[in-house]
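Have a look at the structure below, then the notes.
The values are calculated or read from the model by the stated rules, or taken from the named source; none is laboratory data. Because the structure is predicted, anything quoted here is derived from the model rather than measured. Don't worry about glycine lacking a Cβ; one is built from the backbone with ideal geometry, like all the others, and counts go over all protein chains shown. Just the protein is used for accessible areas: all its heavy atoms, side chains included, with ligands, DNA and RNA removed. Shrake-Rupley method; radii C 1.70, N 1.55, O 1.52, S 1.80 Å.
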Amino acid sequence: MTDFTRTRALFDLPEGVVYLDGNSLGPLPKGVAERVARTVREEWGAMLIRGWNDAEWIGLPEKVGNRIAKLIGAPKGTVTVGDSTSVNLFKVLTAALSVAGTRCVVLSDNGNFPNDLYVAQEAVRALGMGYELKVVAPEAVEGVIDDTVAVLMLTEVDYRTGRLHDMKALTAKAHKAGAITIWDLCHSAGALPIDLHGADADFAVGCGYKYLNGGPGAPAFVYCKAEWTERAAPALAGWMGHAEPFAFDLRYLPGDGISRMRVGTPPILSMAALDAALDVWDGVDMNSVRARSLELSECFIREVEGRCPRLELASPREAARRGSQVSFRFKHGFETMQALIAAGVIGDFRAPDIMRFGFTPLYLGLDDVLAAVDRLEDVMKRRLWEEPVYAVRAKVT
Ligand SMILES: *Cc1c(COP(=O)(O)O)cnc(C)c1O
């Protein structure tokens, strides 16, 4: 069991705001500001370059990786942290293709975050050698896994609808067909129980700034099954992934284990923020997070459907088929979300018509869900989406 009253007290949330966007940018855990300040003053400021050894900056990617490993069912030593999810995806995709033999197809689905398809499109183009990206509908994936597929590259939770892929079953199916799997866990890590080891997943990547609350642009994580780490060769190499970075050898010789997934110098200030943010997970059981998240989202769906008839559920109705977010479709979704944010309930909007709400039990309770629906109902009843002020689009939606 997890004490959610205790975890809620670990976050610094602005008074009066109901934050339903922790799936996009996690809020600030209380210990982070102090830790970053300490890293700046006592480490960078006082130790100068000695911090790499004396404050053990050099080991932070693996230290933080091992903490994230516990949240995603990965064995110790199989996860490292650094770069963005996009860059890590490039690394694991090219690493997977390096051990995939003569097959050429990278299979993904059109519910994937377009970013991941951009990375894959350009990776297969750059590698040449006949590789191709094949994109099908999410429901069709299972049926087209055959012996042409080199790599199955999927995002477990759909960023728009929250639809959940069955990681274990699809991984098993891919393995049976002789394919390697890559899972993007951006909307899964910290949202639901994940068992990479149990599912026998080959590679995975995910975000530090969504449910893990590491701060804007926090470094991302990368997982590589032990079996592959000594063989797979990512097409992006740098000195931090070298077996002996300070030998300054002119040849690239990849390091042991997961360290070869590192490239350049780790961003220590962001890494310190993520490390401190991970403290909130101490003593948290992911099964209770999942149970609570479904309780919150079921309540939200029931209340919104009962009180806001214009909004149409875009997420799977069946709780077991959803991640930790709920989306509703509405033609004026953008303007409505702006009006809702002005009323103190922060969610977000995804084109063309999706209003997205994330449920994060560490700092949200049923009282917040009910307060959010009250304000949403008010926005809908007063047709606030018609106000011109809410039609103004900024760069980030
Ligand atoms: C958020 C997200 C990303 C983000 O990638 P960045 O490199 O951090 O911009 C990638 N993939 C998915 C599925 C995401 O949800």
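Some values worked out for this structure:
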{"read-out": "Fraction of accessible area attributable to carbon and sulfur, segment 56-281 (%, probe 1.4 Å)", "value": "57 percent"}
{"read-out": "Theoretical FRET efficiency, 1/(1+(r/R0)^6), r = Cβ-Cβ of residue 142 and residue 53, R0 45 Å, to 0.05", "value": "0.35"}
{"read-out": "Solvent-accessible area of residue 6 with every protein chain in place, 1.4 Å probe, in Å² to the nearest 10", "value": "100 Å²"}
{"read-out": "Stretch in the chain that is longest and holds no GluC sites (Glu not before Pro) that DSSP places in a loop and that have at most 15 other beta carbons within 10 Å", "value": "57-229"}
{"read-out": "Cβ charges +1 (Lys, Arg) and -1 (Asp, Glu), total dipole of segment 56-281, debye", "value": "100 debye"}
{"read-out": "Counted charge near residue 134, where neighbours are those whose Cβ lies closer than 11 Å (Asp, Glu -1; Lys, Arg +1)", "value": "-3"}
{"read-out": "Helix-only CD estimate at 222 nm, as mean residue ellipticity for the chain, using -39500 (n - 2.57) per DSSP H run (n ≥ 4)", "value": "-10000 deg cm²/dmol"}
{"read-out": "Isolated Cys in the chain, by beta carbon distance under 4.7 Å", "value": "104, 224, 299, 308"}
{"read-out": "Heavy atoms of residue 268 accessible to a 1.4 Å probe, total area in Å² rounded to 10", "value": "20 Å²"}
{"read-out": "0 to 90° range, to nearest 10: angle between helix 60-71 axis and the chain longest Cα axis", "value": "50 degrees"}
{"read-out": "Accessible surface of residue 8 - all protein chains present, 1.4 Å probe, nearest 10 Å²", "value": "90 Å²"}
{"read-out": "Dimensionless Rg/Rh of segment 56-281 - Kirkwood Rh, Rg from C-alpha atoms", "value": "0.95"}
{"read-out": "Angle in degrees between helix 333-342 and the longest Cα principal axis of the chain, rounded to the nearest 10", "value": "80 degrees"}
{"read-out": "Net charge dipole size for the chain [Lys, Arg +1 and Asp, Glu -1 on Cβ; Debye, nearest 20]", "value": "360 debye"}
{"read-out": "Shape call, segment 92-158: gyration tensor on alpha carbons, a/c limit 1.5", "value": "oblate"}
{"read-out": "Prolate/oblate/rounded label for the chain (Cα gyration tensor, a/c 1.5)", "value": "oblate"}
